Amino acid sequence: MLDAFREYFDFMEQLGRLLEQLTELEKEKTAAVRRDDLLGVDNCMKQEQALSLTLRAMDRKRETLLAGMGLRDVALSGLVQNSPEELRPEARAAAEKLRSRYVLYRSAADVARTTLECNLHQIERLLADEAYAPANRGSIADIRA
Amino acid sequence: MGNLSTFGTFTMARLGIYASQYALNVTGNNISNINTDGYSRQSLDQTSMNYGAADRYQSKYDVRANGGVLATGVNQLRDQYLDIRYRNEMTKVGEMDAKLDGLNQLADIFDEVNKGEDQAGVLEARFNELIQVIETQHQDQNTNQDDIDKIVRSAAEALAIQFNDYAKQLETLTENKIAEFRDELDATNTILTKIRDLNASIRKSEVFGGSALTQRDERNLLIDELSEKIGINVLYETENLGDGVEVEKLKISTSGDPERVLVDGIYAAQLSIAKTTKGYDANGDEVPPKDATVARWETVENENFNLNISELEDAKGNLDPADPNMTKQVFSVQSLGDDASDWDKVKNVVKRLTFDNSGGTTAAQKAEAYEKALNEQYGFTTSGTGGPRFHVSDTEMTDGEKAAGMYVVHFHMGPSGTEYNFVNIDDERVTQLNDTELSGGLQAMRELLTEAGEYSTAATLSRDDLAYDADAATKRGIPYYKAALDTLARKFAEVMNEANTLPDEVVYRTNKAGKFVDETGAVLADQTDRSTYVLREEYSYYDGGALFSNSGNTDDTEGITAANLSISHSWAHGSVHVLQSTQENATSRANDNLAHIIATLTKDHDFVYGSNTTGVTSFKGTFQEMLTDTIAGTLAKDQNITDTMRDNYNTTADELYVDRDAIMGVDLNDEAMNMMQFQKAYSAACRLMTTYDGMLDKLINGTAV
Amino acid sequence: MSSFRITTNGLYRNYRSNLYKNNAQLSDAMTTVQTSRKFNTYAEDPAAASKAWRLRRAYWRTGDQIDNTNYVISKYESAYTAMAAVVDGDSENRGLDGIISAVEGLSDAAGSARNALGKELIQTAENVVSMMNSKYGEDFIFAASDGANIPFTWSDSGKLLYRGIDVTTPKTAYTSEELGVTKTMLAMEKPLSQTEYDEAHTAGTVTEASYDDYKAAYMTRNKDYESFDAATADYAKVVKYNDAKTSYESEHPGWKFENAVKLNDMAEEITYLDIGLGMQEDDDGKIISGSAFNSAISGLKFLGYGEDANLVMVMKELGEIFSRADPETGAYESTDDRTRASELLDRLHDGIRYSQGQHVQLSADAKYLKTNLSQLETNKAELNTQITETEDLEMADAITEMTWAQYCYNAALRIGTQILSQSLLDYMS
């Protein structure tokens, strides 16, 4: 049983690292959006997709592991309570670390989302305006009054 | 456990309960203050209780436990390194913000991109229109001279009015900026006063053992705010109040070199715009203030907007006995005073000065050396006893003053006292900050108001004999743009007037000796009265003269600026016309001079910094290039750079804010976690109590007596 | 710099900062698209803005030059048309060609026509003069730079005057520019040489005690000159002028040298017009010829001037001789008339050829101006394109780019929100 928990702690560490990777990626994406660097955004998206596949796989592993420990449907917050007495300090540390990484990721993802949404909103407004604004001047008027 | 008494365990449990409770209170306080501006996260200081005193014979096999936990105080979580970094960055942000703000307002005037009809600009378009009417005037063949004048004049007038308008806008901008500078100065002074008062209240609280955390937060916020206005250094010193009582003393000084102290614990200084004393002689002309001919003094605000730091005072107006600024005191001649009380002022002020007393060995020798130095410094005679001069006395001092190297200094008026009795050193002693000592928003505003860039002259650079900013010649504020616009207006007027004027001796009758003569050849009585000159026959058509002047009421071409550029009185009233030709016996449609005017309007000119005689060519190009490339273009580049720099500083400041907040800020998740932790600790301590209770029960009731 | 702990307020500040930056950026983008300009302030793109001002200035100036060219083309065309009526003739007149062939066709055999031809010549001469006095708008076309005043008039004695000067005044080689004398110089007294001084001093007409004193006094009296040497240099010009005048007036008794010089000056009159040849002045402030167009058309130059060199006067005199001939036989009144007529016939021939040449030149000039005009118009269009390229946004590109951005951002958003599975979210919550 202890081994199962230790294995799970290892897994949490891995998951945490993955989240850290994703966090960096989100920051990069935000920066790219701010620069209006579409190629950069595109590149981030591709990496994101790859990482999200890994994340899916890990998620399934998590479910298997938790089931193995008899902790199916127990959330991270319940991990410590459900850990064996002697592993609790370790569990607490692992849970806290994972949680902080998760929070970091969420905040970075939120920033990226806000930035993207704002840009999109403005672009949509512009494109809507453009539909009836014949703004494109082929040539300038005779500038001499 | 040998050193813990039987019931001591209960104490331990109780302490645990107390500590957890305190900790929960602190957490609760943190959570409720999450939105309080400037709130620093607090944490409970806990120490393990240790009975270490009687362990002399401690066996290494003995098992020891400490006696529980003590909550020793509540602390704030702040990282002073990050505070410093953040404030340094905010100084730069404040500086760039103020600078960019000013530059943007200048651009509202000078940036003609996308302005005007068909985006053809404003003043730029006026130039084009003027060239156009002269270029194509010949097409209206029925035009007589008056009609040509009318057309050209109205284009020229539009141009002049635009110049005037720009100058006026610059004037308004300057006024607004000065008002803004004063407001900022007031705001800065308010912050300094508030910090001083907070220092006093924190000190009071500390004397009685409190930690005054709320006041500290408030003070930190104010320091943050101050850092945007002035570059500062913050220092926390310890002040010994005697009897082993030590309290913290906050010292804030400017970050320049030398550092000037703004706040010294419960004392704070105030900033004001420095004053300059100007002297005027009996005719009302300005003369050096120490000149013997001075009849009247006037104290005005310094044109360079140098700042003065007042003496450090506490809330009750008591002076800081250890005022560190005053050792570097500069004192100035302020106003005429001839009553006896002024003597006291002289004495008092100078007495406060510490000085280099290395000259000589005896007190008398030292006094003599100082007297000489002082008189040299202020330009008074250093020999003899006559005339106005300082006299340093070594006999009127207390022992303490002697020890501090202080001497009583008198000021001696000359034998003809009323003639020279001008010196009265101001009551209010101040330290004047020179050009390079300030940074931050206030400095940026000062620079905007004073820097003339390449138009700086030796005189403006060394105003008030204070050290000037070596970079001043590359810093461009409102004066630069004003000078550049004036240069353009003046050059334009000069060139146009010259193109429309022939030398008197060419067009007017002279005799062989070069004297002006009348129709009969008789020499004119008054050779300087131009109204009596008679045109030569071949120039009988001539009606040239100045087209532009410094006022619509005259033909005076002296001192033309953008603000006063006008159509000359004579042109406006038809006695001067645009010269179409400058040839002898010019024919009706000869247009050589119109061609010359166009060539002049479109050719390169040398624009000169400062006055024409001493200046250096600043720019060679057409009038319009001067306008769009040198004036608007320089501004645009400055804006561009400042904007980028502001962004950079802002980004760093944002990052530092987040970093700093990571330490001092409250995070709900964190606190929630803490709450759970402390709650568990509380439960555990309670449990401990029950356990011991059980144990003791066994011991007391379970063992036979 | 990365933090290990991002607090609630730290996040909030970041949001605010991002929002501000985004809004500022997008507001710039909005202005850009709405004004369809690449930059809206100088500071946005100083280099492009500076270039745009230069281009706009050139564009404006080119417009002025096109106006000027159009004006001068019309003037030249009017001049050409006016001349054509005389040179080529019309329903009422034979034209110069017709006259030439009529005169050349004259033989003694057909002498009887001489009389009528004489009248026609006189008539044609008068026609030519009124043609030369025709106007374009309010200005006399052929008046060179004196468009406001009538160029040709007849004197009471039947002489043709150009601005009051007899066009038959015998020619001189000098122009006033070549002579380089001013009125002041002409009024200058002649400096005496040492020998002349000695004589005059002896005679008592010069009072200065020494030649040096005399020189100093001379300099005071002739203050316009820098030194005695320079005065003599200037005086050399006066001497040269006086020599030229004396020799001219002895060669052509009754004629004034000043008038001959003036005719040369008037034939060379210039009115400058900026038609985009890069009008520029030399260091002395004089327009460099060739950098501006000379739009003055001089009737004097067209008809010729000098002794027997003016077409009108040649026609008129010949006409008068012919008129004096016997109406029946066409015989000349005198042998002098015969000799003179033969001389004048040659002159007439030359004159007409010359005038025809001038006429052709007018049309060549007009053609040149038209080429110039089309060049200017091309320049203007080119400048317009350049201004547009510098200042204006290519909307299609901007929109395509934005549409792509829209697509890209949407995809990024979708992927971003799908990274965390619901079960993980639940687990972490």
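What follows is calculated from the coordinates using simple rules that are stated; it is not laboratory data. Computed from a predicted model, the values in this text were never measured in an experiment. No Cβ is skipped: glycine too gets one built from the backbone with ideal geometry, and neighbour counts run over all protein chains shown.
Report the calculated FRET efficiency for C:Glu394 and B:Asp108 (r = Cβ-Cβ distance, R0 = 41 Å), to the nearest 0.05. With R0 = 41 Å, the Cβ-Cβ based efficiency is 0.90.
Distance between the C-alpha centres of the stretch C:33-98 and the stretch C:170-228: 53 Å, rounded to the whole angstrom. Listed by chain and number, the lysines whose alpha-carbon sits under 21 Å from that of B:Lys204, ignoring those within fewer than 8 places in the same chain, are B:Lys194, B:Lys249, B:Lys251, B:Lys316.
How far is helix C:46-87 tilted, in degrees, relative to the longest principal axis of the Cα atoms in chain C, given as a value from 0 to 90 rounded to the nearest 10? Taking Cα atoms only, the helix is inclined about 30 degrees. In the stretch B:7-22, which residues have a backbone nitrogen under 19 Å from the label point lying 7 Å from B:Asn701's Cα in the Cα-to-Cβ direction? Residues B:7, B:10 fall inside that zone.
Treat the count of other C-beta atoms within 10 Å as a stand-in for reagent exposure and order C:Ser78, B:Ser48 from fewest to most.
If I rank by nearby Cβ atoms, fewest first, I get B:Ser48, C:Ser78.
In the structure shown, the pairs B:Lys515/C:Lys240; B:Lys115/B:Lys620; C:Lys262/C:Lys316; B:Lys482/B:Lys637; B:Lys177/B:Lys482 are assessed against 20 Å; a Cα-Cα span above that value is assigned to B:Lys515/C:Lys240; B:Lys115/B:Lys620; C:Lys262/C:Lys316.
Modelled this way, with points 7 Å down the Cα-to-C-beta line, the labels at C:Asn70 and B:Ala158 are 1.8 nm from one another. Which residues does a label at A:Val74 reach in the stretch A:1-42, if reach means a backbone N under 17 Å from a point 7 Å past the Cα toward the Cβ? Output list for this probe position: A:1-13.
Going from the fewest other Cβ atoms within 10 Å to the most, the residues B:Asp693, B:Asp285 appear in the order B:Asp285, B:Asp693.
Subtracting the Cα-Cα distance of C:Glu208 and C:Ala47 from 0.36 nm times their residue separation leaves 50.7 nm of extension gain.
Counting only alpha carbon atoms, the long axis of helix A:2-34 and the longest principal axis of chain A meet at about 10°. Spin-label pair B:Leu241-B:Ser683: with each label point 7 Å from Cα along the Cα-Cβ axis, the two points sit 4.4 nm from one another. Cross-link partners of B:Lys372 among lysines, defined as those whose alpha carbon lies under 25 angstrom from its own and excluding same-chain residues fewer than eight positions apart: B:Lys290, B:Lys328, B:Lys345, B:Lys347, B:Lys351, B:Lys402. Placing a pseudo-label 7 Å from each Cα along the Cα-to-Cβ vector at A:Glu63 and C:Lys256 gives an inter-label distance of 12.1 nm. Taking a straight Cα-Cα cut-off under 16 Å and skipping sequence neighbours fewer than 8 places away in the same chain, the lysines within cross-link reach of B:Lys512 are C:Lys183, C:Lys190, C:Lys215, C:Lys223. If a spin label sat at a point 7 angstrom from the Cα of C:Tyr354 along the line to its beta carbon, the backbone N atoms of the stretch C:139-174 nearer than 13 Å would be those of C:167-172.
Each residue of the stretch C:285-295 was assigned a 3J(HN,Hα) from its phi angle through the Karplus expression (A = 6.51, B = -1.76, C = 1.60, θ = phi - 60°), giving x, 9, 5, 6, 5, x, 8, 9, 8, 8, 9 Hz with x at Gly and Pro. Couplings 3J(HN,Hα) of the stretch B:223-239, computed from phi: 5, 4, 4, 4, 5, 6, 8, 9, x, 10, 10, 10, 10, 9, 10, 10, 10 Hz, in residue order, whole Hz [Karplus 6.51 cos²θ - 1.76 cosθ + 1.60, θ = phi - 60°; x for Gly and Pro]. Full extension of the chain between B:Glu368 and B:Phe208 gives 52.6 nm of extra length, using 0.36 nm per residue less the Cα-Cα distance.
Working from Cα pairs under 8 Å separated by at least six residues, relative contact order for the stretch B:593-705 is 12 percent. Between the stretch B:630-686 and the stretch B:546-601, the alpha-carbon centres lie 63 Å apart. The angle between the Cα long axis of helix C:228-251 and the main principal axis of chain C comes to about 50°, on a 0 to 90 degree scale. Fewest neighbouring Cβ atoms within 10 Å first, the residues A:Leu53, C:Leu121 line up as A:Leu53, C:Leu121.
Structure remark: mean-square fluctuation, Gaussian network model of chain C, C-alpha springs under 10 Å; the largest value among C:Gln418, C:Gln356, C:Gln386 belongs to C:Gln418.
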